[in-house]
Amino acid sequence: MHEENKAAANGCGKSRSGTQNEAALLALMEKTGYSMVQENGQRKFGGPPPGWEGPPPPRGCEVFVGKIPRDMYEDELVPIFERAGKIYEFRLMMEFSGKFIGVCVSLDNCRLFIGAIPKEKKKEEILNEMKKVTEGVVDVIVYPNATDKTKNRGFAFVEYESHRAAAMARRRLIPGTFQLWGHAIQVDWADPEKEVDEETMQRVKVLYVRNLMMSTTEDTIKAEFNKFKPGVVERVKKLRDYAFVHFFHREDAVAAMSVMNGKCIDGATIEVTLAKPVNKESTWKQHFNGQLSPSSENLLGFPNKEDGHQKSLGKAASLSVRLNGQHSPGPSEAERCTYPFFPGIKLTPISMYSLKSSHFSSAAMHLDYFCNKNNWTPPEYYLYSTTSQDGKILLVYKVLIPSIADGSQSYFMPDKLCTTVEGAKELAAQFTLLHL
C-alpha cells in the first residue's frame, strides 16, 4: 500500500471516526485494486484501474455528480456508480453540501477564458506566459481589436490538453491575488461552443467572416467573395468586425471558404469558416443562458431581406411576446428553476459578478455582467417615447457603453418600439448584446 494512499484515507471524513474511515477506504482499495491519492483539494480513486491497457477513455465519457451528502465517501459511492459500468477514475471534492444528488454529462471543457489581459500583448507572449504558470497548454486564441488590429481585445481563450489540466489551471489562477504582467486577471470557464451535427453542417451555405476592418462595407465584402466566381454571393450581413456571407449554392460557399480564408481585405487578414446554423426551436431564454460570448459570434442570426423579419436563436413571435410582458411562466416552468430551502442551510454573501453568464435569463442583467467581465463601464439606458397612430405611448431605450474595449463610446438602439418600459429595456439590452 502506498503511503500517499494511506494519507488520503486518513485525511477524510468528519461524520465517521478516522479509524472507521481508514478501515472502510483501505478495504475498498484492497477489494478493487484501485489506488487513491489526494491532491489539489480532491481525492482521486483509480485512473487508470488495475490491468488497464491502452489510452484513457475519450472525451464524453465523464459525468458530473453534484449535491452528494456530506457523510458519504468512496466506499459507499463507488459501488453505486459501478452499477452503470466499469469506473476508470472517480474524483471526489473535499467540500460538500446539499441533500440530493444530480447527475449530468460532464462538458469536459478544455478551454479557459482569461480576461483583463494588457491589450498590447501578442499571441506568442500570452502563450509563453500561460505555459510558464500552468501545465498542459495547447494553444491560445486571441482576437484583434475591432478598430486597432495591432492590439488584442483584452481577453484570450487558453486551450488545454485535457479537462483536468484546464481545471487545475483554473484552480491556480482563480484566486484574486494572481497577476500576469503586473495585472490582476479574470479567469472563468469558456462558454462551450454549440455542437451541430455533421448532417446539418453538410447543408450550410453561409460563411462566417471575422477580423474585418470596421470601415469595410458589405458591398466590398460581396465584391471580394464574388471575385473567384462572379454572382455566387446572395447577400452579406456585416456587424462591427465580422460578417455573414450567404451563397446561393453550398459548393460555392465551400470553395470560397478555401480560397478566401487568410486573404487580406482593406488591410486586415480575415478568417473564414462555415457558419453554425441556429436551432430554430431554441427559445430566447436559452439564448441568454450562456450562448452569447466572444467565442460564439457565429451563432447569431440576422434579418432576412426576403421575408422581412428577424431569424434568430429564438422565434421572433415568441421573443416579442416575452418582451412585451404578455408571457408569464406557468407553474411547471417556474418549478423547474426552484429548489427546496431547508432549515440550517448555510448562506454565503456573493456578488452578481462572481456568477457565470448562465445564471442570467434577463438580457439587461446579462449585458451588465458582460460589461463587468470585460472591464467596461456599466451600460447607461436613455428612454425615449413616441405616439402611435391609435394614440398608444411607444417606448425605446438607447444604450450607451461609455468605455468599451477599444476605448470608444458606443450607442445602441433597436429599430422596434415597445409598449412597456420593461420590454423596451430588455429589447435594448438584447440588441446591444447582439452587436457587441
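The values are calculated or read from the model by the stated rules, or taken from the named source; none is laboratory data. On a predicted model such as this, the values are computed, not experimentally measured, just so you know. Using ideal geometry, Cβ is built from the backbone for each residue, glycine included, and neighbour counts are taken over all protein chains shown. Ligands, DNA and RNA are excluded from the accessible area calculation, which covers all protein heavy atoms including side chains. Shrake-Rupley method; radii C 1.70, N 1.55, O 1.52, S 1.80 Å.
Describe numerically, in nm with one decimal, the distance between label points set 7 Å from Cα along Cα→Cβ at Lys346 and at Lys131.
Label-label distance for Lys346 and Lys131, simple model: 4.1 nm.
Below 14 angstrom from the Cβ of His183, what's the summed charge of the other residues (Lys, Arg +1; Asp, Glu -1)?
Charge balance near His183 sits at -1.
With each label point set 7 Å from Cα along the Cα-Cβ vector, what nm distance links Arg83 and Met413?
Here the modelled spin labels are 6.2 nm apart.
Along Cα→Cβ, 7 Å out, is where each label goes; now give me the distance between the ones at Asn375 and Ser388 in nm to one decimal.
4.5 nm
Can you list residues from other chains, or at least 5 along the same chain, whose modelled amide H is less than 5 Å from the amide H of Ile68?
Under 5 Å from the amide H of Ile68 lie the amide H atoms of Ser97, each far enough along the sequence or on another chain.
Name the residues whose placed amide hydrogens come within less than 5 Å of the amide hydrogen of Asp139, ignoring near sequence neighbours (fewer than 5 apart) on the same chain.
For Asp139, the qualifying residues are Glu159.
Ordering Arg70, Arg210 by how much accessible area each has at a 1.4 Å probe, largest first, what is the list?
Arg70, Arg210
So which of Lys119/Lys229; Lys149/Lys227; Lys131/Lys346 end up more than 27 Å apart by C-alpha?
Violating the 27 Å limit, Cα to Cα: Lys119/Lys229; Lys131/Lys346.
Kindly report, to the nearest 10 Å², the accessible surface of Val233 as traced by a 1.4 Å probe over protein heavy atoms only.
We get 10 Å² for Val233.
Would region 355-434 count as rounded, prolate or oblate if I go by the C-alpha gyration tensor, calling it rounded below 1.5 in a/c and otherwise prolate when a/b exceeds b/c, oblate otherwise?
Since a/c reaches 1.5 but b/c is at least a/b, the shape of region 355-434 is classed as oblate.
log₁₀ I(q)/I(0) of region 198-274 at q = 0.28 Å⁻¹, via Debye over equal Cα point scatterers, no solvent, to two decimals?
For region 198-274, the Cα-only Debye profile gives -1.48.
Take the alpha carbon atoms of region 363-403, find their center, do the same for region 67-83, and report the distance between the two centers in whole angstrom.
When both Cα centres are located, 49 Å separates them.
What figure, in Å² to the nearest 10, do you get for the accessible area of Ser351 with a 1.4 Å probe and non-protein molecules left out?
Rounded to the nearest 10, that gives 60 Å².
Distance check, please: which entries in Lys151/Lys425; Lys373/Lys398; Lys205/Lys263 exceed 28 angstrom between their Cα atoms?
Check vs 28 Å cut-off fails for Lys151/Lys425.
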